[in-house]
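Everything on this sheet refers to the single structure shown next.
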Amino acid sequence: MNIFRFAGDMTHLISILVLLLKIYATKSCSGISLKTQELYALVFLTRYLDLFTGFISIYNTVMKLIFIASSLAIVWCMRVHPIVRRSYDKDLDTFRHYFLVAASFILALLLYEKFAFKEIFWAFSIYLEAIAILPQLVLLQRSGNVDNLTGHYVFFLGAYRALYILNWIYRYFTDIHFSRWIACVSGLVQTALYADFFYYYYISWRNNAKLKLPA
Amino acid sequence: SEEEDKHDEL
């Protein structure tokens, strides 16, 4: 474990806490893409298949449980909770996310570290996580002005993988066995997708103005 | 070794 990865995990956790805060405090999920949340639940469920078979550390197991439980809880809130589900922007959240799942799965069958059940699903979860934010970014552009908590949620979500890139650079130089090309390349693509959001987030912070993405 | 290909990252 290194400081970059720990900071990345904490940033990821903060993003989830900010989203839970938004939903709990405002009893609303407006501006949040249910499709992105469903994709994240799928990412965690397919990546942490070894949750009960492998043991790395208490921290690793606890964080996996938190990520799986929180992502399922958010999807439940947006689909089932009688008050929250009413504020879901169903007619704006129209990204065909099934294509993202299919593309990631096909790529995982072609590009993997080892042709084994868990490895294929691990690679699938890595590719899917890289593009899972697309429905959310499209929804932000369509819904015009973005409320603060939603903006912070997306910012921390993008920042966590950027910290993981620093972690991979650090491990590349310090850990001779280290070779995570699948995670590294996907992580770069994932972070690059946030580039324009980060720019508009910075502008809104610098001008102390409401976050606004161009249509 | 078994250790190497275990995915230790979240």
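A compact table of results
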{"item": "Flag if residue A:130 is surrounded by 21 or more Cβ atoms within 10 Å (Cβ to Cβ) and closer than 16 Å to residue A:8 by Cβ", "result": "yes"}
{"item": "Residue within segment A:62-76 that is in contact (Cβ under 8 Å) with a residue 60 or more places away in the chain and more than 17 Å from the chain's Cα centre (by Cα) present", "result": "no"}
{"item": "Those residues of segment A:21-44 which are touching a residue at least 40 places away in the same chain (Cβ under 8 Å) and within 14 Å of the chain's Cα centre (by Cα), in sequence order", "result": "A:32, A:33, A:34, A:35, A:36, A:37, A:38, A:39, A:40, A:42, A:43, A:44"}
{"item": "Which numbered condition residue A:156 fails, given (1) surrounded by 16 or more Cβ atoms within 10 Å (Cβ to Cβ); (2) of a type outside the set (D, E, K, R); (3) touching a Gly at 6+ places or on another chain (Cβ under 9 Å)", "result": "(3)"}
{"item": "Test set (1) outside any loop (DSSP other than H, G, I, E, B); (2) charged (D, E, K, R); (3) surrounded by fewer than 17 Cβ atoms within 10 Å (Cβ to Cβ) - residue A:91 fails condition number", "result": "(1)"}
{"item": "Residues being outside any loop (DSSP other than H, G, I, E, B), under 22 Å from residue A:19 (Cβ atoms) and out of contact with any Lys or Arg (no Cβ under 7 Å at 6 or more places or on another chain) - total across segment A:105-142", "result": "13"}
{"item": "In segment A:196-215, the residues that are within 21 Å of the chain's Cα centre (by Cα) and either more than 18 Å from residue A:153 (Cα to Cα) or part of a helix (DSSP H, G or I) (or both)", "result": "A:196, A:197, A:198, A:199, A:200, A:201, A:202"}
{"item": "Criterion (more than 17 Å from residue A:14 (Cα to Cα) and at pLDDT below 95) met by exactly one of A:204, A:143, A:125", "result": "A:143"}
{"item": "Residue within segment A:48-65 that is among the aromatic types (Phe, Trp, Tyr), modelled with pLDDT of 95 or more, surrounded by 13 or more Cβ atoms within 10 Å (Cβ to Cβ) and in a helix (DSSP H, G or I) present", "result": "no"}
{"item": "Filter result for residue A:176 (of a type outside the set (Gly, Ala, Ser), part of a loop (DSSP other than H, G, I, E, B), within 14 Å of chain B (Cβ to nearest Cβ) and free of Cβ contacts under 8 Å to residues at least 40 places away in the same chain)", "result": "yes"}
{"item": "Matching residues in segment A:185-195 - criterion: being in a helix (DSSP H, G or I) and surrounded by 19 or more Cβ atoms within 10 Å (Cβ to Cβ)", "result": "A:186, A:187, A:190, A:191"}
{"item": "Single residue of A:34, A:42, A:13 found to be under 20 Å from residue A:126 (Cα atoms), within 13 Å of another protein chain (Cβ to nearest Cβ) and not β-branched (Val, Ile, Thr)", "result": "A:13"}
{"item": "Residues satisfying the stated conditions in segment A:97-128, i.e. among the small types (Gly, Ala, Ser) and within 13 Å of another protein chain (Cβ to nearest Cβ)", "result": "A:116, A:123, A:125"}
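The values are calculated or read from the model by the stated rules, or taken from the named source; none is laboratory data. Just so we're clear, the structure is a prediction, and the values are computed from it rather than from any experiment. Glycine also receives a Cβ, built like all others from the backbone with ideal geometry; neighbour counts cover every protein chain displayed.
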